[in-house]
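No value in this document is a laboratory result; all are computed from the given coordinates. Bear in mind that the values here come from a model prediction, so they are computed numbers and not experimental data. Backbone-built Cβ (ideal geometry, glycine too); neighbour counts: all protein chains shown.
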Amino acid sequence: MELSEIQNIDEIICDRGVWAVSLQAAEEINAEIKDEAVARQFVLEELEAMSVGGEFAREFAASSGFKSVEYSGVIFGAKITDCSKPQFMLREFSLLIGDNETRTRVLCAIVDHTMRLWKLGKYKKLVEMNFEDIDELGV
């Protein structure tokens, strides 16, 4: 499934689920992200937008592992411009989704997949923890 070839994304999401569809979209988007700095910029820009969105998006941004000062204002102060193609792909894909709540959940899941792949935010913190810390968390 190429992002540009999708016709009935709402049906595909209904059949396969948000997580599976967002994983495939994230893989295509992340193929355009060449390094961690670009991935971080991409994630921070999305988190900034989510932080002023609906409740689900705001909660996702708040639980991302980044402090709000890290993503607030990042869109207008962007020094890295290499994330324009991934941003465009994400926007193009999101416009294919008819339901706003589903769109939000898919966007959040794509950003989550990106954070996981590049070990950013809450995933960076998990990688830095040792097994003692994980045991203390009850994981």
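A convex hull fitted around the alpha carbon atoms of the stretch 19-62 yields 76 Å³ per residue. Length available on full extension from residue 124 to residue 68: 0.36 nm per residue minus the Cα-Cα distance, which gives 18.5 nm. Residues whose amide H comes within less than 5 Å of that of residue 66, counting only those at least five positions distant or on another chain, are 122 (H built at 1.01 Å from N in the peptide plane). Structural size metrics of the stretch 7-137, computed from C-alpha coordinates, are Rg and Dmax of 14.9, 48 Å. Neighbour counting of Cβ atoms within 10 Å sorts the residues 112, 15, fewest neighbours leading, into 15, 112.
Length gained on full extension, residue 92 to residue 58, computed as 0.36 nm times the residue gap minus the Cα-Cα distance: 10.1 nm. Take the Cα of residue 20, step 7 Å toward its Cβ, do the same at residue 36, and the gap between the two points is 3.3 nm.
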